[in-house]
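Have a look at the structure below before the remarks.
The values are calculated or read from the model by the stated rules, or taken from the named source; none is laboratory data. As the structure is a computational prediction, the values presented were derived from the model and not from experiment. Positions of Cβ are backbone-derived with ideal geometry, glycine not excepted, and every protein chain shown enters the neighbour counts. Each accessible area value is taken on the protein alone, full model and side chains, heavy atoms only, with ligands, DNA and RNA left out. Shrake-Rupley method; radii C 1.70, N 1.55, O 1.52, S 1.80 Å.
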Amino acid sequence: MGRNVWFQGEKLWGWGLAAAAMACCLGTTVVFAPGYMSPDSIEQLRQAMGRTPLTDWHPPVLSLVWRALIAVTGKAASMAVLQSVVFWGALWVVARCVWDLTASRAGSLAVLGIGLTPPVLTFVGVVWKDVHAAAALLAACAVAFVGLRLRDRDVPPATRWGLLGLGVLFLAYAMLVRKNVFLAAIPLFVLLVLALWRGPGRRTWALGVAALVTALVVPAVAISRIAHPVETRQGAQIMLDDLVHVLTVEELRSADAPPDLRKRLVAAAEKCRDTGALSDAYWACYERRADGMARDADGITALWLSEMGSHVPGYLQYRLRLFAGLLFETGYPYQAGVFGNDLGIELAHPRLEDSLDAYVRGVGGDLRPLFRGWFWLAVALVLTVRPGRGRFSLPVRALGVSSLAYVLGYLPTMPATNYRYIYWPALACLLGLLLLWLDRRPAAPAAAGAKRTGSALTPADARDGAARGGIPGAAPDPVRTPGDGQV
């Protein structure tokens with residue numbers, strides 16, 4: 001009788017987690033409806049609706065996915081719904097795996113609670129490439145957690161490879177939607193493979209890498225050849241910042257560049273100096289052309305290559321100053337509603353937006369480090385160096401390395417000091433801290449006669465698993481042969 005009650009409690013808790021995730025998904029969909037949008041978001045929506053040509057200034061894949069959603073549903077709000085479903089679906093999978101691996105109700109519920117914290121909830125319904133990338137990386141982590149559950153079980157090889165393929169698709173989308181996510185995705189790819197195979201062989205690694213490369217290259221080539229996005233050479237924007245802020249006005253006047261470009265560089269440097277604009281010169285100070293950076297990119301690149309070698313100290317000082325701003329002066333913690341537009345897109349629930357604004361900005365004012373880059377960089381360093389030795393040490397370290405690499409990757413490329421550039425590290429570090437706490441918390445006393453039933457664990461199994469040094473409830477590691485883990 002006692003065992004049956006225990007089993008029913010497990011089943012009810014599993015359904016409870018699913019219900020809580022669905023309620024959170026529905027709530028964020030309603031609050032953010034039809035999706036909060038900045039000028040960047042509106043521009044990508046214009047491209048998705050065919051109002052303006054598709055360009056590569058923003059990732060074309062996002063606009064194309066949005067276009068497909070509009071074609072199916074007829075609603076621009078469908079993108080925000082998709083974001084919410086992927087985000088809360090991934091958190092639910094992680095929460096359910098945490099419950100199965102630890103039998104901790106508080107821990108599994110806390111995983112879902114991560115999505116309601118101000119540093120995370122602030123952007124859940126904002127249609128940005130940064131949010132898409134974070135949701136896709138989180139989904140890849142969820143697949144890895146499923147792998148941790150199955151790693152020591154006798155499952156068909158096709159199941160493991162299917163999970164790897166799904167995780168690779170999420171990682172590839174994250175990199176397609178935001179290029180610099182590459183640095184954050186590699187540690188998660190390693191986590192994915194090690195979660196699915198306890199001792200992957202060289203052939204497994206090779207096939208996994210080939211799958212990731214294929215998932216990146218095939219969509220990129222298809223988009224280029226089929227959708228034909230207009231080339232804007234957006235990467236030159238970073239070099240423009242360096243030239244305008246590292247070289248003096250006098251040096252720019254005598255620079256070896258086309259006369260028209262040289263004139264506009266001088267004007268941009270003077271305007272940035274007068275207005276105090278430290279970065280984002282393309283938008284703040286530069287006389288822009290209708291085709292973006294396309295015609296200026298070659299001249300800017302050539303000038304950057306010829307000048308930065310003789311301005312190394314100035315270049316390093318400028319980049320360190322910008323990076324310090326990202327860490328200690330992190331701004332833009334909240335995107336308020338929908339930017340004015342002529343597409344008929346308006347905020348659905350202004351009073352709910354006011355409530356969300358008060359919640360995020362209020363907590364941000366009282367707990368300012370939660371919206372500062374230095375705080376999440378420090379947490380990422382701790383997770384990387386001290387991931388613990390428990391069952392979650394592998395994902396804890398992977399999340400720390402991913403966050404650390406992502407933040408440091410902005411050192412040479414950061415265009416502004418916006419919190420959106422810290423969004424994935426904040427989400428990943430919160431999850432990593434929770435997993436670290438779960439590994440270090442003392443095991444709850446075992447219920448009388450409780451045993452493992454179904455897919456969940458009892459605390460007694462958790463202690464047994466810890467004593468074996470592996471996944472709770474799993475059998476002792478078998479003796480491996482040289483061919484184990486290989487296809």
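Structure notes:
- Per residue, the chain exposes an accessible area of 45 Å² to a 1.4 Å probe, with every protein chain left in place.
- Between helix 202-222 and the chain there is an angle of about 40 degrees, using the helix long axis and the longest principal axis of the Cα atoms.
- Overall size of segment 219-288 from C-alpha positions, given as principal axis extents largest first: 45, 25, 17 Å.
- Over all pairs of different C-alpha atoms, segment 171-307 has a mean inverse distance whose reciprocal, the Kirkwood radius, equals 17.9 Å.
- For the chain, the convex hull spanned by the alpha carbon atoms encloses 171 Å³ per residue.
- Within the shell defined by Cβ-Cβ distances under 14 Å, the residues around Pro387 carry a net charge of +4, with Lys and Arg each +1 and Asp and Glu each -1.
- Over segment 58-132, volume per residue of the alpha carbon convex hull, in Å³: 98 Å³
- Scattering profile of segment 315-386 at q = 0.21 Å⁻¹ [log10 I(q)/I(0), Debye over alpha-carbon scatterers]: -0.95
- Per principal axis, descending, Cα span of segment 69-216 in whole Å: 44, 39, 29
- Using alpha-carbon coordinates, inclination of helix 60-73 to the longest axis of the chain, degrees: 60 degrees
- Overall form of segment 106-146 per C-alpha gyration tensor (a/c, 1.5; a/b vs b/c): oblate
- For segment 1-113: Kirkwood Rh in Å [reciprocal of mean 1/r, alpha carbons]: 16.3 Å
- Rounded if a/c under 1.5, otherwise prolate or oblate - segment 351-434, Cα gyration tensor axes: oblate
- Accessible-area composition of the chain, carbon plus sulfur, in percent [1.4 Å probe]: 63 percent
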